[in-house]
1. Any idea what log10 I(q)/I(0) is at q = 0.05 Å⁻¹ for the chain, Debye with uniform C-alpha scatterers and no solvent?
2. Semi-axes of the stretch 166-278's equivalent ellipsoid from the Cα gyration tensor, sqrt of 5 times each eigenvalue, largest first, rounded to whole Å?
3. For the charge dipole of the chain, defined by +1 on Lys and Arg C-beta atoms and -1 on Asp and Glu C-beta atoms about the Cα centroid, which residue among Phe4, Leu234, Ala139 has the Cα displaced farthest towards the positive pole?
4. Just to confirm a number: summing +1 for Lys and Arg and -1 for Asp and Glu over residues other than Arg209 whose beta-carbon lies under 14 angstrom from that of Arg209, what do you get?
5. Order of Asp144, Asp353, Asp16 from fewest to most other C-beta atoms within 10 Å?
6. Report, for the chain, the % of DSSP beta bridges that are antiparallel, rounded to 5.
7. Quick one: if you take sqrt(5λ) for each eigenvalue of the C-alpha gyration tensor of the stretch 224-275, what semi-axes come out, biggest first, whole angstrom?
8. Going by average Cβ density within 10 Å per residue, which order do the peptides 372-378, 182-188 take, highest to lowest?
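Bear in mind that the values in this text are calculations on the coordinates, not laboratory data. What you see is a predicted model; the values in this text were computed from it and never measured. For neighbour counting, all protein chains shown are included, and Cβ atoms are generated from backbone atoms with ideal geometry for every residue, glycine included.
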Amino acid sequence: MLEFETMAKNMYAWDDEKGLFIPFSSTMRAVKSEISKLNSVSKEMVIERLKDDFNCDDISFCYNWLKKWEKIHVPDYKSQIPKEIDKSEIKSYLFAHCLSQLSLCTTEDCNFRCRYCSFSDFYEYNRGYSDKYMDFDTAKKAIDYFISLLNEGKKYNPIRKPALGFYGGEPLLNFGLIKKCIEYIESIYNDYEIIYTITTNGSMLDKKRANWLMEHDFIIFVSLDGPEDEHDRLRIYENGKGSFRDVIKNVTRIIRKGYKEIYCMPVFDWKSDLFKREEFFNRNDIPSVARIALVNNIEGCRYYEQFTEKDYSAFLGQLERARSCYYKDLNLQRGKEKLSFFDKLVGLDPGEDLFKSVSIYIQPLIMPFTGACIPGRKLFVDVYGNYHACERVNSSFPIGNVNDGLNFEKISKLIVGYLRSMDKCPSCKVSRKCTYCYQNFMTDNGFSPSSTVCENIESIKKASFARSFNIAEIYPEFVEESNYKHKNIKKYYGDDRNVFQT
């Protein structure tokens, strides 16, 4: 168990085996220790051994509670890393719980050269930029196959609401393809309630394109990092010019029209001014923040080599001040609809920590460790028509193509190879709370062992749990409100914690 203490000196523990938090007073710890020492110890024996140090009624309560706790049965997932996974098991799970989104990479081209981009030279194992564009035949095959999977999966999940997302590069460079895809769906598959999303740098959201997207009820995610100096430090055109003024002009035009389904997705690094960003994203003329990301330090990333220990220390100090400011006036968060930068940076923790405590009951045994999904939860299609687990992983591990469909044997091998690399997970005290996934360990020819990446995960989670329970003790309603505010957007874009663990 991982024990932690709140500011009120209350002790709790995370039981990773059962996937739940428990109160963990000094009495509880002592009783648990006595029970652990002996295979069969009666309550009377424990009371006799501890009565000089603890209240007898408290000892009795803790003994009864722990005995009930022992009876909660969970599968022994930590010792069951499979040598192979039955393809039918994967298929059944995908039909019942996955197939939430089809994502099309319309192009590998981009009119930006963002300094932190995952396709830049900083990332050894990711693809670079290219002039490749997806053609309609490829997109049509992907759509048809996705719909066929949805039809086959109706008996497992008849209420599924799928999404179709467009990515790049910059997806609006291939705007014609996007229009053709929507026209095709609306003419052939108009009985499906498909949610449309697009992730764009915002520079090409002129009046004509924006109006078309709004007419078709797109959820628009814009990569806007903050005020001009913050944004232009990292998000630049190919010629090195800052992009803020073009992006903000397009975004504010959409906001003034009263369109609600537009959101920002800022990325930050160790030199970002977190307080400037909070002030900026609190403005009424700026969209809510859907998702934040610390520049991802995945396997093969050299981005952080440019920073010093002093930079990192200053960043941690700034982060701690941000948390203090946010938690100081929690009542100001009550009833607030708009999500700011600090809401995602700080306010997300309590809902994530506490509401995910039952994950063991819904996470499949075929993926017992980390936050990795079952490939196929989202289908990402590259410009060549290959399927990948999602838009964040490198292209070394395709799981099928639009001509042949999903290759369940490849999916099985991907999962097994990943789990075998998770050498630290069986002994980890927070394996059920870990949000790392394939992208954090992928190389060109396999996965790096988890022991090389996860050195500080337990201490990080311990601090996060303590912060979350502090909030729950001071302002219990905040936890539920926090979870509610974030869950709808997270459904269509994913989890901040995949990219931010500090």
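1. Treating every Cα as an identical point scatterer, log10 I(q)/I(0) equals -0.21.
2. On the way: eigenvalues 163, 41, 32 Å².
The three semi-axes for the stretch 166-278 are 29, 14, 13 Å.
3. The residue sitting most towards the positive pole is Ala139.
4. Net of charged neighbours comes to +2.
5. Exposure proxy ranking, most exposed first: Asp144, Asp16, Asp353.
6. Working: 18 of 41 bridges.
Expressed as a percentage, antiparallel bridges in the chain total about 45.
7. On the way: eigenvalues 91, 42, 13 Å².
Working through the eigenvalues yields semi-axes of 21, 14, 8 Å.
8. Numbers: 372-378: 22.4, 182-188: 13.7.
Highest-to-lowest ranking by the protection proxy: 372-378, 182-188.
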